[in-house]
Amino acid sequence: MASDCLSLDQACLDVLPDAVIALDAHQVIVAVNQAASVLTGYPVEAMLGISCAALLAPRENDGSPCWPAGWHPSAHLRSVRAVPEQDMTLRRADGADRRVAVTGAYRRRGDRLIGAVFALRDAGLRVHQMNTGIEIVSTVSHELRSPLTSVKGFTALLLNRWDRLADDDKVRMLEQVNRDADRVTRLITELLDISRLESGRLVLRRQMVDLARLGASVVDDLSVEYPALDVTLCFPSSFPKVYADPDKVVQVVTNLVENACKYASPTGLLVTGEANSEEVALSVTDRGDGIGAEDIENVFTRFFRRSEARPSGSGLGLWISRGLVEAHGGRLSVTSVPGQGSTFRFTLPRVDFDDTDLGDTDLYGS
Ligand code: ADP
C-alpha cells in the first residue's frame with residue numbers, strides 16, 4: 001500500500017460481522033474484509049485498487065450518485081470525524097442493487113484527509129428486524145390494554161363505591177384484578193423471553209422438577225379463570241424428575257392448557273406424562289375441532305393465528321413455548337385429527353440427578 005494508505009490488519013477485519021470497505025483520499029478501495037466480499041459479490045482481490053464509484057456505483061435514496069465531485073466539503077474539516085449513518089444503494093457483482101446502511105469515520109494525517117473507513121450492513125435485514133419489533137410492540141400493547149382496562153375499571157369502582165358494594169362483589173372484583181395483574185406479568189415475561197430467545201441470551205435456572213406436581217398446579221391455577229376446566233392428569237407413579245427451569249416449564253404447560261381451553265374446550269382434557277431412558281414427555285390432549293393439515297405446522301410460527309381462532313391472541317404463545325422447550329434441548333410438536341381434537345406434546349431430555357450437583361429442595365421438587 002502507498003504511504004498514505006491505511007494500515008488495516010486483514011485478519012482483524014475478516015473477523016468482523018459487518019462489511020468493511022476503506023477508501024483512500026481519491027475514493028479508491030484500499031482494504032476490504034470477507035463480509036464486504038459476501039455483500040458485494042466481488043472477491044477481495046478484485047476490489048482492491050479500484051475506484052469505489054466505478055465498481056459499486058454508490059447511490060443516495062433518490063438515485064443520485066454519492067460524492068459525485070469527491071468527498072463532501074465537510075469531510076475536509078478537521079472537526080468532522082464520523083460519517084453520519086445513511087442508507088445507500090450499491091451495485092453488486094451480479095448487477096443487482098443492494099440497499100445498505102453505512103456508517104464510517106474519516107482518516108486524517110495531521111489536517112489532511114487521507115481517506116475513510118466504512119462499515120456496511122444489509123439494510124433489508126435491519127428493516128425486517130425493525131418491522132418485527134414494531135409488530136411485537138403493537139400486538140402486545142393491544143394484549144396489555146384489555147387486562148389493564150379491567151384493573152382500572154374495577155379499582156375505580158371499588159374506590160368510588162366501597163361503602164355501597166356487597167362484600168361478595170368486592171371479593172369478586174379483587175379476584176379479577178388479581179388475575180389481570182397476573183396476566184400482565186405473564187405478558188411481560190413473554191416479551192422479555194422473546195428478546196432473549198431471539199438474541200440467544202435466555203438463561204435457564206434449572207432444578208429437579210416433578211412434572212406431575214407442576215402440571216397439577218398449573219391446572220389448579222387455571223381453574224380459577226376457567227371454572228369449567230376438567231382435566232385428567234395421567235402420570236405413572238415412578239415418573240422421574242426432570243432437570244429444567246420450573247418457571248419456563250410452567251409457562252409452556254400453562255400455554256398448552258390455556259390454548260386447549262380457548263381454542264378447543266376446557267372439558268375432557270388429558271395431561272399425560274411418559275418417560276423412557278432418554279427423555280420425558282408431557283402431552284396435552286383436547287377434544288376440540290382439531291387443526292387442519294394446512295395450519296398444523298404454522299401454529300408454531302410467530303404471529304400465526306388461525307382464522308377460526310375464537311378469542312383473539314397475539315399468535316406468539318406457541319412460538320415462545322417451542323423456543324423455551326428447545327432451549328432445554330427438547331421438542332414441541334402437535335398432532336391433530338380434525339373433528340376429534342389435538343395433542344400438543346413436548347419432551348425434555350433426562351439428566352441423572354447425580355450429574356446436577358443439586359439438593360432436592362426445589363419448587364415442585366420434593
Ligand atoms: P396465542 O398466543 O394468540 O394464543 P398461539 O401461538 O398459542 O397463539 O396459537 C396459535 C394458533 O394456534 C391459535 O390462533 C389457534 O388458532 C391455534 N391453536 C393453538 N392451540 C390450539 C388447540 N388446542 N386447538 C385448536 N387450535 C389451536
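The values are calculated or read from the model by the stated rules, or taken from the named source; none is laboratory data. The structure presented is a predicted model; accordingly, all values stated were derived computationally and were not measured. Neighbour counts are summed over all protein chains in view; Cβ atoms, including those assigned to glycine, are modelled from backbone coordinates with ideal geometry. Note: accessible area is taken over every heavy atom of the protein model, side chains too, but ligands, DNA and RNA are not part of it. Shrake-Rupley method; radii C 1.70, N 1.55, O 1.52, S 1.80 Å.
Descriptive notes on the structure:
- Whole-Å distance, taken between Cα centres, linking the stretch 227-263 and the stretch 46-69: 59 Å
- Share of Cα-Cα pairs in the stretch 217-332 lying beyond 20 Å, as whole percent: 44 percent
- Pair residue 161, residue 278: separation of 7 Å Cα→Cβ label points (nm): 6.0 nm
- Stokes-Einstein D for the stretch 50-90, Kirkwood Rh over Cα pairs, 37 °C, 0.692 mPa s (µm²/s): 289 µm²/s
- Ranking by accessible area, most exposed first, for 258, 278, 190, 175 with a 1.4 Å probe: 278, 175, 190, 258
- Dividing the mean sequence gap of close Cα pairs (under 8 Å, 6+ apart) by how many residues the chain holds gives a relative contact order of 11 percent.
- Other-chain or far-sequence residues with amide H under 5 Å of residue 33's (modelled H): 20
- In a simple Cβ point-charge model (Lys, Arg +1; Asp, Glu -1; nothing else charged), the chain has a dipole of about 1340 debye relative to its Cα centre.
- Once Rg and the Kirkwood radius are both taken over the C-alpha atoms of the stretch 226-279, their ratio Rg/Rh works out to 1.02.
- Taking amide H as placed 1.01 Å from N in the peptide plane, the amide H of residue 314 sits under 5 Å from none that are at least 5 places away or on another chain.
- Zero-based 20 Å bins, Cα pair distances in the chain, whole percents: 23, 36, 28, 13, 0
- Under 20 Å from residue 152, Cα to Cα: lysines that are on another chain or at least 8 residues apart: 170
- Helical content of the chain, expressed as a calculated mean residue ellipticity at 222 nm, amounts to -12000 deg cm²/dmol (DSSP H runs of 4 or more residues, -39,500 (n - 2.57) each, divided by residue number, nearest 500).
- Distance between the modelled labels on residue 294 and residue 54, one decimal in nanometres: 5.6 nm (7 Å Cα→Cβ projection).
- Its Cα gyration tensor gives the stretch 123-281 an equivalent ellipsoid. The semi-axes, each the square root of 5 times an eigenvalue, are 31, 27, 14 Å from largest down.
- Net +/- balance of residues flanking residue 81 in space, Cβ distance below 10 Å, scoring K and R +1, D and E -1: +3
- Within straight-line reach of residue 248, meaning a Cα separation under 25 Å, sit the following lysines at least 8 residues removed in sequence or on another chain: 262.
- The stretch 1-125 shape via C-alpha gyration tensor axes, a/c threshold 1.5: oblate
- Magnitude of the charge dipole, the stretch 132-241, Cβ model with Lys/Arg +1 and Asp/Glu -1, debye to 20: 380 debye
- Top positive-direction residue, dipole computed over the chain with Cβ charges, set 256, 269, 323: 323
- Gain in span if fully extended, residue 96 to residue 196, counting 0.36 nm per residue against the direct Cα distance: 32.5 nm
- Derived scalar couplings ³J(HN,Hα) [the stretch 13-28; Karplus, 6.51 cos²θ - 1.76 cosθ + 1.60; whole Hz; x for Gly, Pro]: 4, 5, 7, 6, x, 8, 6, 10, 10, 10, 10, 8, 4, 9, 6, 8
- Gyration tensor verdict on the stretch 206-246 (Cα atoms; rounded if a/c is under 1.5, prolate if a/b is larger than b/c, oblate otherwise): oblate
- Two-site FRET efficiency, residue 170 against residue 287, from Cβ-Cβ distance with R₀ of 25 Å, rounded to 0.05: 0.10
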